[in-house]
Amino acid sequence: MPTSISSSSVDGLVSGLDTSSIISALVNADAVQQTRLKSSVTAAQSKASAYQSVNTKVAALQTAAEALTKASAWGAAKATSSSDAVAVTSTGASTAGSVTVEVEKLATGRSVLSKPVTNDAAGLTDLGLPMVISRADGTSLTLTPSMGTLSDVAAAINKATKLGVNAVAIRMADDTYRLQITSARTGQTEGKFTITQGEQPGGPEIDESVFETVAPAANAQFYLLPSGPSGQTDENGKPVRPTNAIEIVSPSNTYSGIMPGVSFTAAKPGVSTLSVAPDPAGLADSVKGLVDAANAALAEIGKQSKAGVAGAAGSAATGGGVLRSDATLRALQGNIVNAVTSALGGSASTASFGLNFTREGSFAFDKDKFLTAYAEDPVKVQGLVSGKSLPVDPVTKAANPEGIADRLLAVTKAATDSTRGSLVLAAKGQTDSVARLNVQIAEWDERLTQKRARYEKYYAALEVSLGKVKSQASWLSGQLASLG
């Protein structure tokens with residue numbers, strides 16, 4: 001009887017063929033289309049990332065442009081203090097002027113220091129626990145001997161952030177410890193807390209022999225000196241405060257509103273003259289920031305859209321950007337350049353205040369020329385940079401001509417808008433393409449699995465057939481031999 005070969009024996013047991021390799025080669029040949037799809041996914045992902053990279057630079061340009069379209073940017077002022085007793089800051093709404101401030105006393109929060117105890121349970125008992133730390137608003141924390149050590153008590157106090165106090169266990173030279181508790185808030189009211197005996201608020205207050213007051217809760221005391229220091233001193237050499245001094249009491253060492261847009265923070269007692277003056281140098285830095293952001297955007301566009309170098313004998317170009325010769329980027333690049341280089345109101349150009357377009361395809365900014373032009377005619381320069389930042393004429397109600405910041409803001413918004421921006425839509429187009437391609441790749445996975453199964457079935461059947469033929473041939477040879 002002819003012998004049979006199992007259909008699961010795929011490799012060439014009868015034929016001697018490497019059927020596994022043959023099947024893999026056939027499947028790989030069928031998978032060429034899927035490989036192309038995978039390459040397309042990689043290319044689309046690279047393009048999406050490139051669009052997003054450009055979008056990041058253009059968004060930064062948008063931020064810089066938008067800042068200069070606000071009127072507050074053109075009222076930039078710089079605040080200074082004549083001494084380190086007071087630190088001063090100003091906002092864009094501040095106006096030029098000066099004022100003299102005398103710091104008489106700083107605001108403090110209550111601080112207490114316990115008597116020396118050991119850093120263990122016995123020490124907590126010696127300290128008189130249980131006790132309660134309370135605030136006037138009803139916030140409280142109960143300290144008990146079961147808390148462990150003095151260090152554990154300090155940690156529990158610091159953990160109770162709503163209580164608004166800080167604690168530290170201080171180690172002394174004789175190896176005893178003292179617990180210091182300090183209000184995190186300042187002021188006569190806000191900086192106050194009480195320590196009472198018992199496990200509930202309202203008990204008798206702890207004696208000074210247990211917790212001595214290191215610093216009381218107190219308001220800051222300042223004086224506004226409208227006419228400046230008197231220039232006189234008393235018998236102790238201390239400056240005499242002018243009679244027209246105005247007292248200011250504050251729960252905080254920071255005080256706002258002494259001048260429009262100005263706040264100061266007292267660091268120590270002393271007299272300081274606070275001055276606020278226009279800051280054209282700071283404004284020039286803002287314009288330079290706009291120029292730098294524009295150059296960064298152009299450089300990224302150039303990098304991603306750079307054309308490749310043609311290869312020999314018509315081979316594919318190499319060395320170009322991921323988005324080489326991309327129409328969206330070419331248009332955006334032209335819009336950014338035109339926003340700056342096109343004539344402004346009254347046929348003026350950016351060169352009049354130090355901004356030029358170079359042969360290298362970037363912008364150059366001359367800060368000194370800007371400062372000179374701004375000093376000569378600040379309103380004109382402001383209008384050239386941002387007409388929108390200027391007030392509208394109350395009579396004509398006509399809008400001011402757009403400046404470069406206004407134009408750049410419009411260009412960048414058109415590119416980066418989250419729903420219809422050209423860069424956003426271009427990146428979305430690539431990510432959508434990736435999603436579609438991945439569906440097709442998954443379909444090919446199923447298709448190739450089925451193809452492999454058919455090939456394996458075919459070659460298994462072939463081996464079975466060859467096995468039958470070989471068996472029959474052997475049987476026939478045996479029969480013929482027996483006849484001899």
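Counting Lys and Arg as +1 and Asp and Glu as -1, what is the net charge of the other residues whose Cβ lies under 14 Å from the Cβ of VAL322?
Charge balance in the 14 Å sphere: +2.
Not counting the cut sites, what is the longest span of the chain without trypsin sites (Lys or Arg not before Pro) that DSSP labels loop and that have at most 11 other Cβ atoms within 10 Å?
1-358
Which of the aspartates and glutamates could a cross-linker span from LYS115 if the Cα-Cα distance has to be under 19 Å and same-chain partners fewer than 8 positions apart are dropped?
Once the sequence-local aspartates and glutamates are set aside, what remains near LYS115 is ASP126, ASP152, ASP174, ASP175, GLU205, ASP207, GLU208, GLU212.
Mind putting a number on the dipole of the chain about its Cα centre? Charges go on the C-beta only, +1 for Lys and Arg and -1 for Asp and Glu, and I need it in Debye to the nearest 20.
Result for the chain is approximately 2240 debye, rounded to the nearest 20.
Is the shape of region 162-276 best called rounded, prolate or oblate, per the rule: a/c under 1.5 gives rounded, else a/b larger than b/c gives prolate, else oblate, with a ≥ b ≥ c the square roots of the Cα gyration tensor eigenvalues?
prolate
Put +1 on the Cβ of every Lys and Arg and -1 on every Asp and Glu Cβ in the chain; which of ALA167, SER256, ILE246 then has its Cα farthest towards the positive end of the dipole?
Value computed over the given set: SER256.
For Cα extents along the principal axes in Å, several values are listed as (i) 61, 60, 50; (ii) 148, 84, 41; (iii) 65, 45, 42; flag the one computed from this structure.
Of the labelled values, this structure produces (ii).
Pick out, from THR42, ALA296, LEU384, the residue whose Cα sits farthest towards the positive end of the charge dipole of the chain, with +1 on the Cβ of Lys and Arg and -1 on the Cβ of Asp and Glu.
THR42
Relative to the longest principal Cα axis of the chain, at what angle does helix 404-416 sit, 0 to 90 degrees, rounded to 10?
Taking the Cα atoms of the chain, the angle to 404-416 is about 40 degrees.
To make sure I understand the rule: partners must be lysines, Cα under 27 Å from the Cα of LYS238, and not fewer than 8 residues away in the same chain. Which ones qualify?
Correct list for LYS238: LYS105, LYS268.
Helix 32-68: angle to the longest alpha-carbon principal axis of the chain, degrees 0 to 90, nearest 10?
20 degrees
So who's got an amide H within less than 5 Å of the one on LEU143, skipping anything under 5 residues away but keeping other chains? H placed 1.01 Å off N, in plane.
Placed amide hydrogens put MET131, VAL132, ILE133 under 5 Å from LEU143.
Going down the list LYS78/LYS380; LYS70/LYS428; LYS70/LYS367, which pairs span over 30 Å between their C-alpha atoms?
From LYS78/LYS380; LYS70/LYS428; LYS70/LYS367, over 30 Å: LYS70/LYS428.
Take the solvent-accessible surface of the protein heavy atoms, probe 1.4 Å, and return the percent of it on the chain that carbon and sulfur atoms account for.
54 percent
Can you find, among ILE157, TYR223, THR194, the residue sitting farthest towards the positive end of the charge dipole of region 154-231, where Lys and Arg contribute +1 and Asp and Glu -1 at Cβ?
TYR223
Just the number please: accessible area per residue for the chain, 1.4 Å probe, all protein chains included, in Å².
53 Å²
The values are calculated or read from the model by the stated rules, or taken from the named source; none is laboratory data. Keep in mind it's a predicted model, so treat the numbers as computed, not measured. Every residue, glycine among them, receives a Cβ derived from its backbone with ideal geometry; neighbour counts consider all protein chains shown. Accessible surface areas use protein heavy atoms only, side chains included; no ligands, DNA or RNA. Shrake-Rupley method; radii C 1.70, N 1.55, O 1.52, S 1.80 Å.
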